[in-house]
Amino acid sequence: MRAIWKGAVSFGLVSIGVKLYSATEEKDIRFHQVHREDGGRIRYKRTCSVCGEEVTYDDIAKGYDIGGGEMVILTDEDFADLPLTSSRAIDVLEFVPAEQVDPILYNKAYYLEPEGTATKPYVLLRDALLDSERVAIVKVALRQREQLATLRVREGVLLLNTMLWPDEIRTPDFGFLDEDLKVRPPELAMASSLIDSMTGEFEPDVFTDDYRAALQEVIDAKVEGREVVQPEEVEEAPAAAVDLMAALKASVDRARAARGEQPSRGGGGEPTPISSARSAQKAAEKKAAKAPAKKTATKKTAEKKAAEPAKKTAAKKTAAKKAEPAKKTAARKTAPRKSA
């Protein structure tokens with residue numbers, strides 16, 4: 001790495017000489033604009049829109065458009081008089097908890113390396129930051145611009161994160177923020193279940209730039225004169241769901257399947273809050289439906305049992321009644337005839 005800036009961290013009355021290095025780099029594949037027929041590079045000339053002449057860098061100044069076709073021209077002397085007193089210093093202003101700094105403010109990251117005999121105070125500041133669990137809020141001038149930044153520790157090295165100024169953060173102004181939208185508890189519960197099924201530990205190394213890899217493959221194939229291997233087709237995004245609950249449920253099942261788990265319903269997996277509530281409700285309804293039917297059946301059985309003795313008694317009386325004439329007839333036949 002090559003140092004892009006040299007200065008000192010001003011920590012109270014302590015001054016720590018440091019070198020500044022870019023901590024990140026973009027891996028985008030860059031292209032030149034060329035002439036399609038012969039591959040010649042396309043060059044742009046710096047020409048004046050008034051006189052049409054080509055202008056060298058020495059004749060270029062900075063202009064501020066104030067509107068109405070008027071331009072205020074600033075020279076190097078104008079910039080030299082600006083109050084950039086901290087042009088070669090990183091001034092520590094205060095120490096704050098890291099969670100109080102909104103990540104939207106972060107802009108670019110730089111590593112700080114101790115210079116010369118500054119190693120001991122450098123290590124002292126590093127260890128003090130770790131022990132206090134704080135980050136330092138600093139001001140620094142980089143590339144002719146004063147910037148707010150933080151100092152924190154990463155892998156044993158002081159890391160400078162430049163930040164945007166608060167007035168550079170736009171305020172969201174969207175119509176839906178004024179709408180009175182209500183989320184139903186079942187939907188919230190299912191969404192929470194989806195979050196739980198997709199929860200994991202963040203490991204940035206497992207994520208890759210598939211587009212850049214495919215583009216590099218195309219370039220390598222062109223250089224080597226071989227056929228380009230088509231990359232695997234990316235799964236199409238699902239169409240907008242009409243039923244939000246159905247989409248959430250399908251998402252939960254899909255996330256669990258990706259982890260090798262059973263689906264939330266019908267597969268022996270753990271029930272979600274929604275499925276548990278619905279199962280309990282169905283069980284209660286089924287139980288309530290069975291209870292009256294059972295009572296009715298019991299009542300009919302009791303009535304049937306009570307009616308059976310009465311029927312038997314009635315049958316006996318009827319049989320006895322029918323048997324009386326037969327007895328009388330038999331008795332007449334059996335009786336002896338009187339002699340004349």
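The values are calculated or read from the model by the stated rules, or taken from the named source; none is laboratory data. For clarity, every value in this text was computed on a predicted model and none was experimentally measured. With ideal geometry, Cβ positions are generated from the backbone for all residues, glycine too; neighbour counts draw on all protein chains shown. Note: areas computed on protein heavy atoms with side chains; ligands, DNA, RNA excluded. Shrake-Rupley method; radii C 1.70, N 1.55, O 1.52, S 1.80 Å.
Some values worked out for this structure:
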item	result
Residue list for the range 66-113, filter: among the hydrophobic types (A, V, I, L, M, F, W, C), open to solvent by 70 Å² or more (accessible area, probe 1.4 Å) and in contact with a Ser or Thr (Cβ under 8 Å, 6 or more places away or on another chain)	95
Strands (runs of 3 or more DSSP E) within the range 1-91 that include 2 or more residues closer than 26 Å to residue 139 by Cβ	5-11, 14-22, 62-67
Pair list, Cβ under 9 Å, 6 or more apart: the range 101-113 residue farther than 16 Å from residue 18 by Cβ and in contact (Cβ under 8 Å) with a residue 60 or more places away in the chain, other residue open to solvent by 70 Å² or more (accessible area, probe 1.4 Å) and assigned to a helix (DSSP H, G or I)	105/166; 105/168
Among (1) surrounded by 11 or more Cβ atoms within 10 Å (Cβ to Cβ); (2) of a type in the set (Lys, Arg); (3) within 17 Å of residue 9 (Cβ to Cβ); (4) without any contact (Cβ under 8 Å) to a residue 24 or more places away in the chain - the single one residue 126 does not satisfy	(4)
One residue from 170, 184 being without any contact (Cβ under 8 Å) to a residue 12 or more places away in the chain and surrounded by 10 or more Cβ atoms within 10 Å (Cβ to Cβ)	184
Residues of the range 137-168 that turn out to be touching a strand residue (DSSP E or B) at 6+ places or on another chain (Cβ under 8 Å) and not in a strand (DSSP E or B), as a count	2
Number of the exception - residue 116 against (1) surrounded by fewer than 10 Cβ atoms within 10 Å (Cβ to Cβ); (2) without any contact (Cβ under 8 Å) to a residue 60 or more places away in the chain	(2)
Residues satisfying the stated conditions in the range 55-65, i.e. open to solvent by less than 80 Å² (accessible area, probe 1.4 Å) and modelled with pLDDT of 90 or more	55, 56, 63
From 39, 52, residue being over 30 Å from residue 157 (Cβ atoms) and either open to solvent by less than 50 Å² (accessible area, probe 1.4 Å) or in contact (Cβ under 8 Å) with a residue 40 or more places away in the chain (or both)	39
Condition met for residue 171 (at pLDDT 90 or above, hydroxyl-bearing (Ser, Thr, Tyr) and in a loop (DSSP other than H, G, I, E, B))	yes
Check on residue 152, in contact with a Pro (Cβ under 8 Å, 6 or more places away or on another chain) and open to solvent by 50 Å² or more (accessible area, probe 1.4 Å)	no
Within the range 2-27, tally of residues that are in contact (Cβ under 8 Å) with a residue 24 or more places away in the chain and open to solvent by 100 Å² or more (accessible area, probe 1.4 Å)	2
